[in-house]
Amino acid sequence: MSQKKRIILAVGLIIVLVAVVLGLESLRAKIIAKDRDVSLNPGDIPVYKDGELLAAVNSEDLADLQMVQFTDAEQGKVQEGWLILNIMEKYFETRHFSDSLQFVFSSSSRNKSIALSWEEIAEPENMVMFDLSGRGTLKLVSKLEKLDVRDEWVQDVDRIEIIEP
Amino acid sequence: MKKKYFSTFQLIVLTLFSALIVAAKIALRLPIQLPGHSGLFWMAIMIVATRVVPKKGAASFVGIVSGIMATFMGLGDFGSLNTLISYSAIGIGVDLALLLLGNPENLVVATLVGIIGHFAKFLVKWAFGAISGAPLGFVALGLARSIISYLVFGALGGLLGGLTLLALKKAGFFAYLAEKK
């Protein structure tokens, strides 16, 4: 086989692989959409309180929020995204939130979760925020001592639960 | 006595390339908020390694050894198994691409090898995410953006590797290396 044919074959192989990934992901979106609450779109992050769906965090709503960033102390990588404080202000009247109100951020695929108080979230210095991961999912990161290293971060967050203490 | 596939010298050289990948992954932090940007130096090192030790399986060896090193150093966002397999996948991807395309001193070949090798890593990460039930991309076209980023940085890394090979050849490095073997 000539070199030219080999190169064409390689380019074709790359195109096929990309198409297969996008096709399978689209299929997965359809399957997930069937299983989820009808008011949620694939990719949305639901916010529940006492089992009731209060809001669905989606990318369109966050587009006009200011992005913030900080460099994590563990690996020196820049974490960039949206403060949870600003996200909650987008969906709720946060002045009614008590400092002790708990927010549980969880990831079903990682089997991880963390509870943060509104007091912790509302302090901008704590940088409690969603960082956009490489594959487009959200990762909860912060400067808080209990959430400042990779093992403590909650990757692939897919649910937020608000709990009255 | 049966002749070994890789000489001791070649094994040492390949292991050094593996260590270089891990060191570069830790030390070189590009201020780019794009997925897969480490492919720039990763694929360049891989391409150079495959020409310094021009044997089938050299890239796989580098991939697996760098994967083991990275696993023990706790690198990667998605756990040790993911790290080991994704690092190994790059090496295996590069070897398979070289089987099809041949000499990486051709810049087009080096670029394509870079793309295929780096995309193999993306496939592993994506497959792990899909199998573990990771949520779909939050941002519309998040996955497409990620794919494009992996392909571009893989291509740039492959091209950089190809250019490095040409520079090394011009400097007479491979002739020098042949004498040392």
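Just so it is clear, none of the values below were taken in a lab; they were calculated from the coordinates. Small disclaimer: the values here were computed from a predicted structure and weren't measured. Please note: Cβ atoms are built from the backbone with ideal geometry, for glycine as well, and neighbour counts cover all protein chains shown.
Select from B:Thr50, B:Thr164, B:Thr111 the residue whose mean-square fluctuation is largest in a Gaussian network model of chain B (Cα-Cα springs shorter than 10 Å).
In this elastic network of chain B, the residue with the biggest mean-square fluctuation among B:Thr50, B:Thr164, B:Thr111 is B:Thr164.
If we count every other residue with Cβ under 13 angstrom of B:Ser149's Cβ, Lys/Arg +1 and Asp/Glu -1, where does the sum land?
+4
Hey, fewest Cβ within 10 Å first, where do A:Glu52, A:Glu74 land in order? Present the calculation step by step, with values, prior to reporting the outcome.
Values: A:Glu52 8, A:Glu74 12.
Going from least to most buried by this count: A:Glu52, A:Glu74.
Using only alpha carbon pairs under 8 Å that are at least six residues apart, calculate the relative contact order of chain B and give it in whole percent.
Rounded, it is 27 percent for chain B.
Can you sort B:Glu105, A:Glu164, A:Glu25, B:Glu179 by how many other beta carbons sit within 10 Å, fewest first?
By the 10 Å Cβ count, ascending: B:Glu179, A:Glu164, B:Glu105, A:Glu25.
Against the longest principal axis of chain B, how steep is helix B:8-27, in degrees 0 to 90 to the nearest 10, with axes from Cα atoms?
Roughly 30 degrees between the two axes.
Based only on other Cβ atoms within 10 Å, what is the fewest-to-most ordering of B:Ile64, B:Ile148, A:Ile15?
Numbers: B:Ile64 20, B:Ile148 15, A:Ile15 10.
Ranked by crowding around the Cβ, least crowded first: A:Ile15, B:Ile148, B:Ile64.
Using only Cα atoms and rounding to the nearest 10 degrees, what angle (0 to 90) does helix B:58-72 make with the longest principal axis of chain B?
Relative to chain B, helix B:58-72 is tipped by roughly 50 degrees.
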